[in-house]
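Report on the structure given below.
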Amino acid sequence: MSFVQATSSHLLDVYKRIPRKLVRGLGSYVYDDEGEAFLDMYGGHAVVSLGHCHPRLVEALRTQLGKLMFYSNSIYLEHQEEAASLIAAQLPAGLDRVFFVNSGAEATENALKVARLATKRVKVLSFGGGFHGRTLGAQAVTGVAKYRGALADAVPGHVFATFGSIDAVADFLRVGDVAAVIVEPIQSLAGVRSASPEFFQELRRLCDAYGTLLIYDELQTGFGRTGSFSFAPRYDVAPDLIAFGKGMGGGFPVAACVVHERLAPSVQAGDLGTTFGGGPLAALAVKTTIEILLEEQIYAKVAAGSQRLMTALAPFPSVLEVRGAGYLLGLKLRGPASKLQAALLGEKVLTGTCDDPAVLRMMPPLTLTDAELEQFVQRFARAESVFHGDL
């Protein structure tokens with residue numbers, strides 16, 4: 001079974017899809033229209049943080065649907081302040097101003113806009129391999145060539161450094177005209193790559209020295225995925241702005257730009273805006289997701305489960321390296337990841353690939369149970385034996 005593009009459809013043909021139609025999900029499993037169950041080790045691309053249809057989240061949203069589905073931000077809305085307060089309470093001091101939006105690309109765009117408003121500079125530094133979204137502004141800071149494409153220079157004022165190289169960063173920042181540095185703490189699409197603690201520490205020091213703001217793109221590392229609420233303040237580094245998204249609503253579409261309080265005066269009424277961002281359903285989804293993460297002690301479970309998974313997968317002969325943190329994991333393989341992905345699909349397991357053709361990505365629900373983890377390892381063993389035999 002392989003990924004295909006549609007041959008006849010009214011949908012714009014921009015995705016390669018598995019030729020199955022999903023109709024239901026529960027916990028770590030999804031079900032197609034023929035009733036077959038798949039173990040979801042991809043989590044809808046790191047979105048389904050609480051598993052599919054977590055009963056408490058479903059009930060909260062069902063109740064809200066019967067009360068108020070939507071109103072604009074022209075009036076105070078229930079759950080917004082509660083959700084924002086819960087986010088702020090999990091973050092380093094000062095990161096306590098939240099602007100809700102609909103998608104990760106919007107969160108990135110608004111973080112870049114706030115940085116430019118606050119510094120009155122235009123230039124932004126990002127890193128090769130970083131992926132920040134497909135809207136023009138987010139694409140402009142994306143360091144993956146195939147996603148920048150013909151519109152790479154449509155938004156001017158962007159420069160790139162080598163991820164992990166602090167010398168390259170220093171060369172750009174000392175000129176004194178860079179508004180912000182934006183970085184994914186773990187570059188997921190590039191092959192689940194990270195950098196040393198010293199890199200992030202020196203990045204913070206350089207930004208402070210040259211009046212440049214530091215933006216963390218935590219769309220994939222945030223909301224428990226790496227075993228803590230946020231990558232910040234890991235290594236004792238706190239950014240000035242954070243873009244959150246993906247799993248922050250437990251599967252409901254919502255994202256946010258978090259701004260340090262000292263930057264808030266730079267943003268005036270009307271500078272930012274969104275019609276649907278932070279609506280009643282979205283805000284309640286965020287609030288409920290954080291409550292479940294805390295009450296079910298999911299961070300600790302992710303950290304423990306991740307260690308078990310990394311230990312179990314490392315000895316397989318076709319695995320060169322296990323990368324990442326928590327449930328944002330990448331397997332560097334001896335052959336094409338797409339072939340192992342197809343073999344796993346044959347074992348009824350969903351996984352992902354990335355820009356590095358030799359890296360298989362796994363971003364399962366954070367609620368993955370010990371039994372499901374063991375089941376995955378068993379299915380992986382069967383798929384890996386086929387994959388390794390074909391190398």
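Computed values, structure above
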{"item": "Members of the stretch 349-366 that are under 16 Å from F387 (Cβ atoms) and of a type in the set (D, E, K, R)", "result": "R361"}
{"item": "Residue in the stretch 344-355 that is of a type in the set (K, R), in a helix (DSSP H, G or I) and open to solvent by 40 Å² or more (accessible area, probe 1.4 Å) present", "result": "no"}
{"item": "Number of the exception - V258 against (1) assigned to a loop (DSSP other than H, G, I, E, B); (2) under 30 Å from Q64 (Cα atoms); (3) open to solvent by less than 10 Å² (accessible area, probe 1.4 Å)", "result": "(1)"}
{"item": "Hits in the stretch 37-63 (condition: of a type outside the set (A, V, I, L, M, F, W, C) and free of Cβ contacts under 8 Å to residues at least 40 places away in the same chain)", "result": "P55, E59, R62, T63"}
{"item": "Residue in the stretch 305-318 that is closer than 12 Å to L366 by Cβ, buried (at least 18 other Cβ atoms within 10 Å of the Cβ) and modelled with pLDDT of 95 or more present", "result": "yes"}
{"item": "Selection count, the stretch 90-130, where residues are farther than 30 Å from E291 by Cα and part of a strand (DSSP E or B)", "result": "5"}
{"item": "Failed condition for L333, given (1) buried (at least 22 other Cβ atoms within 10 Å of the Cβ); (2) of a type outside the set (D, E); (3) closer than 30 Å to S85 by Cα", "result": "(3)"}
{"item": "Any hit, the stretch 210-219, residues being under 19 Å from L294 (Cβ atoms) and either open to solvent by less than 10 Å² (accessible area, probe 1.4 Å) or among the charged types (D, E, K, R) (or both)", "result": "yes"}
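The values are calculated or read from the model by the stated rules, or taken from the named source; none is laboratory data. None of these values were measured; they are calculated from a predicted model. When we count neighbours, we look across all protein chains shown, and the Cβ atoms used for this are built from the backbone with ideal geometry, even at glycine. Areas reflect the complete protein model, heavy atoms only, side chains present, ligands, DNA and RNA absent. Shrake-Rupley method; radii C 1.70, N 1.55, O 1.52, S 1.80 Å.
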